[in-house]
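Have a look at the structure below, then the notes.
The values are calculated or read from the model by the stated rules, or taken from the named source; none is laboratory data. What you see is a predicted model, and the numbers here were worked out from it, not measured in a lab. Note that each Cβ is placed from the backbone with ideal geometry, even for glycine, and that neighbours are counted across all protein chains shown.
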Amino acid sequence: MSPNVNISALTANNSFSSPDGLWFSKASGICWIQTDDGAYTDETNCMLLAAVPGQVGDGGAYTFENTLGSDSAYITTFVGGLLGATRLKRFLVAPKGSEVTGLTETADGKALLVNIQHPGENTAALGSAATFTFESQWPGNGGGLSAGYGVAGRPRSATLVITRADGKRIGEA
């Protein structure tokens, strides 16, 4: 792969597709990226990523090489600071078949509210197959799973309220 393809230094740990919502936290300055891409399941489901703000001047000049046949040309341009794993982080992965949407926070920045929309949307209609299987039963999931809440069954959209155990703001060091 050409080094000019991925100048952001993103890896499979923080790569994403189909950003569908951006929201900036007033409390932390974090840019939250919500995705909605049911086709990008080779690496993960839809997710919520945190883009941690940089500083003015944290970028620099970057020279790109362009090659066409035996001819090469170079262009130098300014780019912001590289994202990489320290500046763009996967924060939450949604259940199968769902979308992360509708993000907000409390005024003190200590709770993040995130909507999970249409989990299991690719589940076949009841009676449409000889053996029926849910794509997701979130948030129930049942089966004694400690992460499941409620009775297993039809998947339901829900709002998550995320807080920190230490009481600090979301995104605070």
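Details
- Any hit, region 55-74, residues being assigned to a strand (DSSP E or B), under 24 Å from residue 160 (Cα atoms) and over 14 Å from the mean Cα position of the chain (by Cα): no
- Inter-residue pairs, beta-carbon under 8 Å, first closer than 12 Å to residue 28 by Cβ and in region 104-121, second surrounded by 15 or more Cβ atoms within 10 Å (Cβ to Cβ) and not hydrophobic (A, V, I, L, M, F, W, C), 6+ apart: 105/25; 108/169; 109/25; 109/28; 109/169; 109/171; 110/169; 112/105
- Note on region 83-173: no enclosed strands (runs of 3 or more DSSP E) hold 2 or more residues that are more than 27 Å from residue 19 (Cβ to Cβ) and at pLDDT below 75.
- Pick from region 75-92, criterion aliphatic (A, V, I, L, M) and surrounded by 14 or more Cβ atoms within 10 Å (Cβ to Cβ), ranking: farthest from the chain's Cα centre (by Cα): 82
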